[in-house]
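Single-structure report; data block below.
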Amino acid sequence: MTTARQVTLDVLNRSRARAGFAAELVDEALTQGQLAPQDRRFVTQLVCGVIRRRGTLDALVKPFIQRPPHTVEARVWDILRLGAFQLAFLTHIPPHAAVHESVELATPAGVPQAKGFINGVLRRVAELVTNDFCETAAANTVPMDVTQDVLAPLRDSRSRADTTRPPGRYRVLTQPVLPDPTSDFASYYATAFSFPRWLTARWLARYGADECTRLGFWFNSPPPLWIRVNKLRSRRENYRLQLTASGIDAEPGQHPQSLRLRDHIPIRDLPGFDSGEWTVQDHSSMLVASAVGVQPGQHVLDLCAAPGSKTTHLAELMDNRGHITACDIDDKRLKQVTALCQRLGVGSVETVLLTESGGIPPGPFDAALVDVPCSNTGVMNRRPEVRWRLKPREFEHLIRLQTRLLIEAVTRVRPGGAVVYSTCSIEPEENEGVVKVVRQALRGVMLEADHVAVPGQPSDGGYWARLRVAK
């Protein structure tokens, strides 16, 4: 029988080969497997944790490898990281179990000859990790998890952001294997919080050490689960009472359709899934469609629609009356838009498959939403591989694409109409920078409002701007 760790190892291997994003690969593996609910949660925890903390795990493991790291087989590295993650970051797993179960993975992974090597390295890592914790960064402390409850009451989120308490706790090691944060904070941050050096330098220059530390803890923690109650089928308070009756605790957020669940529950186990009473959507993402200010009966362009959370939100805000043209270049993901519309009872959406040469309907439209492809730096806890796949040179390409897409949208909206530009990035040149360039290039385009969503206050990071086309 396939175990949770074997499934995890397979997903890690496929993620390393760039066969897909971690969340998609996990969903695919769990759909095909026959794991118990607790094992399914364990797989998700292991996969996301190992990918997020890869840099830290390598720093814990490398001192005990007595040969050049590049000579270690890729699958053996996967096993070492998986074992080290359990030893350093999961306090509920006994060290001997973490070591033994990791060694046993060598045979199904096709590297049985590495059992002794894996055992020796992980036993040394187990000796390195103590059961002591503190709230101070040091060469012998590893950032663990948040000490402040990220699911504290939402009404206190503003005061929570202003507190002087340390944002997280650290696990004490028996020896200093990390850079010294007092003499080289940048190297410590990159290694201990597991971010590439170029991104560390970028953030430190903009935010400073304290805010970077808070972001590090946030991006290395599992994100809270937010859902959007479908106003075509239910009302937030009515659905919240359904959850309460099922023993599920949920709290309303600032957006009138938002609920945050205090526990991570398989979404298909929540009441009302099949009847379309809700969909998963982060709180900051809900603010985007609302910013468009759509009205029933309008003709709206959603230029980068897949997978459809914002598309269907627009339809709900329009009371499912009007017409939404939902465009995307990926046929598979565009089918996800159609499937979500069907589940939520949305009938006002027409999907349009675009090509690289164009195909965007000419309009004119009453309003447009442009949720552009971006660096995803505001959602690194949801997309753990982004920190390793994103390269500095990609920003130039992304910014050109974002600028072109925003211009395409603006030129298809009638005079007096609104265009909302949005990203899930926290990089200014992808956000305010793109909007500034487009406003300079096109006459009669006014910036009516914009909003920066700060990661962890209370949800994903991102940006939106509402532009108004002059009459």
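Determine whether PRO271 is outside any strand (DSSP E or B), under 20 Å from ASN238 (Cβ atoms), without any contact (Cβ under 8 Å) to a residue 24 or more places away in the chain and touching a helix residue (DSSP H, G or I) at 6+ places or on another chain (Cβ under 9 Å).
no
Restricting attention to the range 366-383, and to residues there that are over 16 Å from LYS310 (Cβ atoms) and modelled with pLDDT of 95 or more, which single residue is surrounded by the most Cβ atoms within 10 Å (Cβ to Cβ)? Before you say what the answer is, go through the steps one by one.
Going residue by residue through the range 366-383, those that are over 16 Å from LYS310 (Cβ atoms) are 366, 375, 377, 380-381, 383.
From the residues that got through so far, the ones that are modelled with pLDDT of 95 or more too are 366, 375, 377, 380.
Values: ASP366: 20, SER375: 22, THR377: 24, MET380: 27.
It comes out as MET380.
Name the residues in the range 321-378 that are in contact with a Lys or Arg (Cβ under 6 Å, 6 or more places away or on another chain) and under 22 Å from GLU394 (Cα atoms), would you?
Within the range 321-378, ASP371, ASN376 qualify.
Go through the range 347-360 and give me each residue that's surrounded by 15 or more Cβ atoms within 10 Å (Cβ to Cβ) and part of a loop (DSSP other than H, G, I, E, B).
Scanning the range 347-360 gives SER348, LEU354, ILE360.
Within the range 395-453, take every residue that is of a type outside the set (A, V, I, L, M), in contact with a Ser or Thr (Cβ under 9 Å, 6 or more places away or on another chain) and assigned to a strand (DSSP E or B) and give me the one that is surrounded by the fewest Cβ atoms within 10 Å (Cβ to Cβ).
Out of the qualifying residues, it is HIS451.
Filter the range 96-134 for residues that are more than 31 Å from the chain's Cα centre (by Cα), of a type in the set (Val, Ile, Thr) and either farther than 13 Å from GLY83 by Cβ or at pLDDT below 95 (or both) and give the result.
THR107, VAL111, listed by residue number.
Does ILE329 meet the test of being outside the structural domain of ALA465 (by TED's automatic domain parsing) and in contact with a Leu (Cβ under 9 Å, 6 or more places away or on another chain)? Full working, then the answer.
Working: outside the structural domain of ALA465 (by TED's automatic domain parsing): no; in contact with a Leu (Cβ under 9 Å, 6 or more places away or on another chain): yes.
Here the answer is no, as ILE329 does not meet what is asked.
Being among the basic types (Lys, Arg) and either at pLDDT 95 or above or surrounded by 14 or more Cβ atoms within 10 Å (Cβ to Cβ) (or both) is true for just one of ARG81, ARG67. Which residue is that?
Among ARG81, ARG67, only ARG81 is among the basic types (Lys, Arg) and either at pLDDT 95 or above or surrounded by 14 or more Cβ atoms within 10 Å (Cβ to Cβ) (or both).
The values are calculated or read from the model by the stated rules, or taken from the named source; none is laboratory data. Since this is a predicted model, take the numbers as computed values, not measurements. Every residue, glycine as well, gets a Cβ built from its backbone with ideal geometry; the counts of neighbours run over all protein chains shown.
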